Each structure stands twice: as C-alpha cells, then as structure tokens.
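Have a look at the structure below, then the notes.
The values are calculated or read from the model by the stated rules, or taken from the named source; none is laboratory data. The structure displayed is predicted, hence computed values, not measured ones. Don't worry about glycine lacking a Cβ; one is built from the backbone with ideal geometry, like all the others, and counts go over all protein chains shown.
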Amino acid sequence: MPGRLALALILSASLISSSEAAGCDSAVMKTTESGFIFKVVGDTDRIEAKVEPGGVDTAFTLAALTPYFVICEQDQFYKVASLPVKTAAQAATGKAGYVAKDQVHAWPTREALSFAPLLPGGDYPAILAWDNQDSLRKFLESGDPKLGSPAFREDFQAALKRERSARPYPVLGSKMEKLRGTVDKRAFNVLLPAAVQPDAKIVIEPDTEKGDTRESITQKLDRVMTRTTVVVAFDATADNDRFARSLAQQLKRTVAEFPKDIQDALRIGFVFFRDETDEEKYLIIEPQSVASAASALIYSARPETMKGGGDPPEPVLDAVYIAHHLFPWGDAGRKLMAAVLAEDAKPLTTGKIHDGVPAGLAPANIVADLVADRIPVISVQNWSTAGANLIPVLSTLGEGTGGKFLEWSKGANVDLMTAALVNQIAAMAKDSFVDGKKVLSSLDFDGQGYARIPLVVFDGEKIDRLRAAGIKFHIDPGKGGALLREGYVLENADLLEPVIRVDKATLERLIGLFAALGATSIDADTLKECAAQVLGAVAGEDYDPNETIDVTVKKRLGIQFRTALLDFNIEYLAGMNRDERLAMARRIQNAGITLAQFLDAHLDEFDRSPAVWMPVSQLP
C-alpha cells in the first residue's frame, strides 16, 4: 500500500524555534522551522508541569500519551500548554506549566498508530517492534526475525489488558522501506510502552481528608484486587423459571465449597428483562452475596414473576447494555457479565425496554463497548430451540469479549447448562482472588505512609480498577526507567490503523481549500485568487505561491495527503484549460466531500474535545 499510510513529516529533535530567542515571555507558540506548532508527550503518566521552572508547585499532571504544545523554552525546561493555539495568551486559558526537557519526547507529527476496529473472534497477529534501525534493517533484508530480532512483542490479548490511555502509539516519523528488496512497507518510528523496570512501582497516596491509615488503605486495596462482581442479564419471560431455580441451587452448592474469604469476595446481581410489550420490562437487582443472590433468583422464578413474553426474539442486547451502563456496579473489583437467553434474540438494540438504551446498536458495537471496559461475557443458550439470531448474537457477545459462549448441544439439559455457567463464574472469582492476593503480598509502605506495589504485578485492567475505586496513585518508573520508549513498527493493515489528530479549525480550513480548488464555474484568474486567499488562511499569509500546495499543507499543518492530488502550485491554475480544470475539480470535489462528511459525523466529539483522531484512510 505505497503512500496509503501518510504523514511522513520527519523532523529532528534539534528543530529551530521561531520563539526560542524570546525566552519564556514569548507571545506566540514555539514552532518548528516549517511553522508547525512544536508539541511533546510525557515519558510517564506521572510527569507534573510546575508553575515555575524547577519549582515545587504543580500546575497540572500530563496525561499519558497526550500531546502538549510548547509555548517556549527556558534553559532545560519547556513551558507547555494543553491547547493547540497560536498565542501564549490563548494557551493560558487552558492548562499551562513547565516540564523538564528530559521528561518528555518531541512528537513532530499529527500521526499515531491505532488498533484496527475489533472484530469478534478475529485472529490478530502480534505487534512487533524493533529498538533501532539496524535491527529493523536486518529483518527487512532477510525477512527472518532471528537475524533482526524484534525487541517488543505484544499479542492481541495483551493489548486488551493494556490501559486505554496507552493507545494509540504516537508516530515520530515514517518512511518507505523494502522488505526482502521487493515489497514496499512503511516503517513507523513510534513511542511504545517500555518494558517494566524491576524497581518501577505503583505508589498510592493516603487520602488525608478521609483519614486514611495503613490499615484502611490495605483493606481498600484488598477489596479492589480480590473482589469479583457478576451481573446476570436473565431472560425473565415465561418458561425460564426452571433454569433460574437450577442456577440458584448450583451457585449455592458450588460456592459453598470455597473458603469463606473467597465466598465473601464474590458478589452477584441481576438484570431481569422481558419484551417491550410487557408491563414490567426490566428489573435490576443490585450486587449482593451469593446466598442473597440465590434467594433473589429463586424468588424471581415464581410463575407470577417469571412471565410474559410471546414475542420469541428477546432484547438481550438491550439488557446487556443496561447491565453494562446502568447496573450499580459500585466497588466492583473485577467485572464479569453473564447473558442467559432462550429461543431467539433481537438482532439490534431496540431502545424500548429502557429509555437510556440507544436503538440500533449491533452486537459488534456492544462488544467493542464491553472490551473497552474490560468486561467479558459468558453467554448461555438456555433452551434447545434457537431462532435465526440467537447463536450469532450470543456467540458474538461471548467470544468477542474474551468470555465464552455456552451453546445447548446434543444431550444437554438445564442442570448441565447451569453447572457450566456456574463453573465459569466460580473459576474467574477464584482466579481473581488468588491473583489479587499475590498483588497484595508485595505491598509495603514507606516512611510517609505511601503504599507501594511493584508495577510488574499489575496490568492495565488492574490499574483501571484502582481508578474506578477512586484510589489516588502515580507510577514511579524507578531509576532510569521510563514507561515509554522509541521503537520501529512496520505497517500492518490487519492490526494497525494510522490516524491523525485533527482539530476542527484545521479540518474546516482544509474543506475550504478543497471547495475553492473544486470550483469550476469561475474563470482561472478568479479561481487562482480565491485559492490563494484560502491557502493563506491555511498556511499563513507568508506562504510561497510557487511552492506546491501539498508541500505547503504538509509543512504548515503536518499533514501529507495519500495521493498527489494537490501536487501543483497556484501559478499552474491560470495555465489550465477548462477541460483540465474540470477533470481536476471532480477529484478535488470528491475529496472535499469526504472531509466534510467526517466533520459532520463528529461534530459532537469536536464539541467535547479540541481535536479528534481521524483515520488516515479518509485523507485524499
């Protein structure tokens, strides 16, 4: 795919700033020599921007793998801001402060590598990265990973465990290479999650306002690390009462064999759901002990309670959405969901059993949402008959989230199916408890009462649990350690998707440029003048009219288009005849429409954020 993966704006770390000589009293943002705003990203998620250079008062903490824009530099410090604006005065309206240069990486492009959209049951290859260009070159020349061994390997399941903030990978630069001398591949120089240093630690700060003590911190960590909360989305229409009673009995019998502390660490709740025509369309039972949950399930299995239905396809996707977003998870610890359904499923959410459920969501949408919050689903077919949508929907929920689909096979019965579901729940609860205790076994406290746990025993899912529980912490990377490092990744269309960080103003200026260049009803001189004005707005009034338009856009905005569509300068417009301009205009108009459609589709996201990630494939 030569040229498909764009943005090869490769700049050296020693780029000259137009504001460098002005110190940190500059009125405008620091820029590269080509006019692109200079931005950086912190090398850990604990980098603090200070009010003064080298000071002790913190202005704000840099978010992981997020761009911050440099106002100016002073000695070994950058003054950075959270907003991509032109002047220091505008930058001051957001977050601003000083960071040491050796705590950040320069990010000279708008580009990053994101994971491709999640496909349920997809077999994804590993992400491979090389530490340096020499080892990458050896691999490219031979195609043999033994001769040019990658230093970083991450499979799909590991990627799901990583913190969401660790995606996508910022691209520092890229260029085309030859694999085995024949196949064109783009090699991306990116920032990657670094190998965890042996002395890197999670450091948990005591909440003095709440009177935290070592004992209270330990107790809170114990709940967060060892607890498992399960919500069962249960088809509560008629004839499912036997399955409910069997499930309650199996739960009590199986969990009773566990030690008491594991029993206490497991909580179960329910979302009972029926048809949109039933009087009571859903019922939420909050998480509680296994014994109480079993009693609630038996009580709900009464004929006067488990009733209704009549429309075989049930809104199980609506119920799963309710269980994910509207269930009172509380201090959940590890999250697990079960979905129990008989006969058939609605293929999309209906939005008719709860006003808070969006209509029209497909199983893949629900799965992507659950994967993002690390909630696996155990889906269960609880009757021998299956309509057209039951197996596709339930298998997508189970297998797509990293859980399991329990299909009613030949010889199955209610007791076998409930036992299979309970065994899945019990195994996860036990594993989570044992794993959590291993984490806690490495807990210690420093002299200030800060709890410390080695980072190596954590993954992204456990770190998310800390955040969900409101526990304040930071990551101490240890001596010489950093959570990010530079590496080289080859394009992989099956796994990685190049994206660019684009703000609304940039997108609107580009759409304006394409609209001007796509005009055909005006004479060449007027078209040239119009295009010059728009290009001036995009690149600044000092742009070179003899320079090709794509070079100007690349230099000023950090965007290189995938095709040579704009590989001409404005002076050429006057020399084109009408037919030539018509042919060019059609292609440019289509490209402008694509950009406009992206803007229209993401207006809500632009309202919430100064910039959004846009697939490079949508660039002309």
Residue list for segment 69-99, restricted to those being among the hydroxyl-bearing types (Ser, Thr, Tyr) and buried (at least 17 other Cβ atoms within 10 Å of the Cβ): Tyr78, Ser82, Tyr98
One residue is enough: does segment 543-565 have a residue meeting the conditions exposed (fewer than 14 other Cβ atoms within 10 Å of the Cβ) and closer than 23 Å to Lys86 by Cβ? yes
Taking segment 569-607 on its own, how many of its residues are at pLDDT below 80 and either outside the structural domain of Thr506 (by TED's automatic domain parsing) or not in a helix (DSSP H, G or I) (or both)? 3
Could you pull out the residue among Thr228, Thr213 that is modelled with pLDDT under 95 and under 30 Å from Ser442 (Cβ atoms)? Thr213
For Phe433, indicate whether it is in contact with a helix residue (DSSP H, G or I) (Cβ under 7 Å, 6 or more places away or on another chain), at negative phi and modelled with pLDDT of 95 or more. yes
Regarding Ile559, is this residue assigned to a loop (DSSP other than H, G, I, E, B), in contact (Cβ under 8 Å) with a residue 60 or more places away in the chain, touching a helix residue (DSSP H, G or I) at 6+ places or on another chain (Cβ under 9 Å) and not basic (Lys, Arg)? yes
May I ask you to list the residues in segment 167-195 that are modelled with pLDDT under 85, among the hydrophobic types (A, V, I, L, M, F, W, C) and buried (at least 18 other Cβ atoms within 10 Å of the Cβ)? Leu192, Ala194
Per the filter on segment 320-368, residues more than 22 Å from Glu276 (Cβ to Cβ) and assigned to a loop (DSSP other than H, G, I, E, B) are Pro328, Trp329, Gly330, Asp331, Ala332, Gly333
Selection from segment 241-289 of residues that are surrounded by 15 or more Cβ atoms within 10 Å (Cβ to Cβ), of a type in the set (Val, Ile, Thr), out of contact with any Gly (no Cβ under 6 Å at 6 or more places or on another chain) and under 28 Å from Glu343 (Cβ atoms): Thr254, Ile268, Val271, Ile284
Considering Ala233, Ala238, which residue is of a type in the set (A, V, I, L, M, F, W, C), in the same structural domain as Ala301 (by TED's automatic domain parsing) and surrounded by 22 or more Cβ atoms within 10 Å (Cβ to Cβ)? Ala233
Quick one: Asp604 ticks every box in (1) in contact (Cβ under 8 Å) with a residue 12 or more places away in the chain; (2) farther than 21 Å from Trp107 by Cα except a single one, so which number is it? (1)
When you scan segment 404-418, how many residues do you find that are in contact (Cβ under 8 Å) with a residue 40 or more places away in the chain and crowded, with 16+ Cβ neighbours inside 10 Å? 3
Would you confirm, using the coordinates I've provided, whether Val230 is in contact with a helix residue (DSSP H, G or I) (Cβ under 6 Å, 6 or more places away or on another chain) and assigned to a strand (DSSP E or B)? yes
So Ala611 clears everything in (1) within 17 Å of Ala515 (Cβ to Cβ); (2) touching a Lys or Arg at 6+ places or on another chain (Cβ under 7 Å) except one condition, right? Which one? (1)
Per the list (1) over 20 Å from Ala332 (Cβ atoms); (2) touching a residue at least 60 places away in the same chain (Cβ under 8 Å); (3) assigned to a helix (DSSP H, G or I), residue check on Ser295 breaks on (2)
Tell me whether segment 521-539 contains one or more residues that are farther than 30 Å from Asp604 by Cβ, in contact (Cβ under 8 Å) with a residue 60 or more places away in the chain, acidic (Asp, Glu) and touching a helix residue (DSSP H, G or I) at 6+ places or on another chain (Cβ under 8 Å). no
Confirm whether Pro120 is at pLDDT below 85, touching a Ser or Thr at 6+ places or on another chain (Cβ under 7 Å) and either under 30 Å from Gly403 (Cα atoms) or surrounded by fewer than 16 Cβ atoms within 10 Å (Cβ to Cβ) (or both). yes
Say whether the condition of being over 19 Å from Gly387 (Cβ atoms), surrounded by fewer than 23 Cβ atoms within 10 Å (Cβ to Cβ) and free of Cβ contacts under 8 Å to residues at least 24 places away in the same chain is met by at least one residue in segment 305-326. no
Phe272 vs (1) free of Cβ contacts under 8 Å to residues at least 40 places away in the same chain; (2) under 16 Å from Val290 (Cα atoms): all pass except (2)
Considering only residues that are farther than 23 Å from Leu283 by Cβ and either surrounded by fewer than 17 Cβ atoms within 10 Å (Cβ to Cβ) or charged (D, E, K, R) (or both), which ones fall in segment 354-367? Gly360, Ala362, Ala364, Asn365
Selection count where residues are closer than 28 Å to Pro193 by Cβ and either outside the structural domain of Ala100 (by TED's automatic domain parsing) or surrounded by fewer than 20 Cβ atoms within 10 Å (Cβ to Cβ) (or both), scope segment 38-66: 10
